[in-house]
Each structure stands twice: as C-alpha cells, then as structure tokens.
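Novice: Attaching a single structure in structure tokens format; questions to follow.
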Amino acid sequence: MFKLLLFPVLLTVAVVAAPPVPPKSTHWEGTVSNGMKGDKISFDVSADGKTLSNVTFQGYWRCSGKLEQMTAGPTKTFSIVGGKASGVVVDPPGGGSTAWHYEFEGTVAKTAAKGTYRMAINNLGCDTYKLQWTAVPATAAK
C-alpha cells in the first residue's frame, strides 16, 4: 500500500523538478533553381526567429575552370529582421588572397523561404556565382 501511494508522489516531484526544455531551432532544406542539378542549401532558424545559422551549400562550383563538388558554408550567423536575413561573411575575417567569401540573402516566413547565395575564393578562381534558392522546414521537405 505504501508503494502505491509513494509512486504518484515521486512522479509528481520528478515532473515538477525537471528543468524546462528550451525551444529548438528549425532546420530548413532547400533546392537551387539556377545551379547544377542536385545543388542544395540548408540552414537553421532559431526558435525565436531572430537568427539564421549553419548555412550549408552542397553542390557544384567552378574552380579554376573545373567543375567541382563542394559542401561548405559560413560559420557566422545572420540576424533576421522583419523576416529578412542578409550579409557577407569573409573567412578568415581579415580576408587575404585565399579567403572564402560568402554572400547570403533571404526572406524567411513561417512555412517557406527564398533568396540568393554565393560562395567564392577569388584568388583561386572558385565561384558558385549567384544562386537562387527556395527552402522549407525539414519536416515539410520529407
């Protein structure tokens, strides 16, 4: 009898004492309309909708006249203001002749996003050129 009474009490204490789970960011996946077939872009939008991070391009770019497959993206985040995110990231920040140059511009709504993306290393002749993309939350993409 004591066990029957103790279990609900312990369960209640465990539920009340458990720390709240912070809201999770939403992962977005998209396609590129003016690049090579199969080019993709993905990124995360914070739970509060104010930050876009983990931008990753998977696809082809031209590098010294050759077509190469690449997966890369900036490590910095972009602020979302009024549903829009944009910016230029140079990595390393000081630049240099072989610095990676990322340009991101997008409009993010609740169920869809669209914009442009470019990735280049100027001195090495590597460039995706300006790509047009559209994306949806990953759960909707499947």
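Values quoted throughout were computed directly from the atomic coordinates according to the rules given, and no laboratory measurement underlies them. Not measured: the values here are computed from a predicted model. Cβ: placed from backbone, ideal geometry, glycine included. Neighbour counts: every protein chain shown.
Novice: Would you tally the net charge around residue 108, using a Cβ to Cβ cut-off of less than 15 Å, leaving residue 108 out, and scoring K and R as +1, D and E as -1?
Specialist: Charge balance in the 15 Å sphere: 0.
Novice: Same structure again: Output the relative contact order of segment 21-141, whole-number percent, from Cα pairs under 8 angstrom with separation of 6+ residues. Please list the in-between numbers first.
Specialist: Values: 294 pairs, mean separation 29.5, N = 121.
Reported as a whole number, the value is 24 percent.
Novice: If you don't mind, another one. Please report, to two decimal places, log10 I(q)/I(0) for segment 21-141 at q = 0.14, 0.17 Å⁻¹ as given by the Debye formula with identical point scatterers on the Cα atoms and no solvent.
Specialist: These q points yield log10 I(q)/I(0) values of -0.57, -0.82.
Novice: Still on this model: For the pair residue 75/residue 33, report the inter-label distance in nm, with labels modelled 7 Å from Cα in the Cβ direction.
Specialist: Result: 3.4 nm between the two label points.
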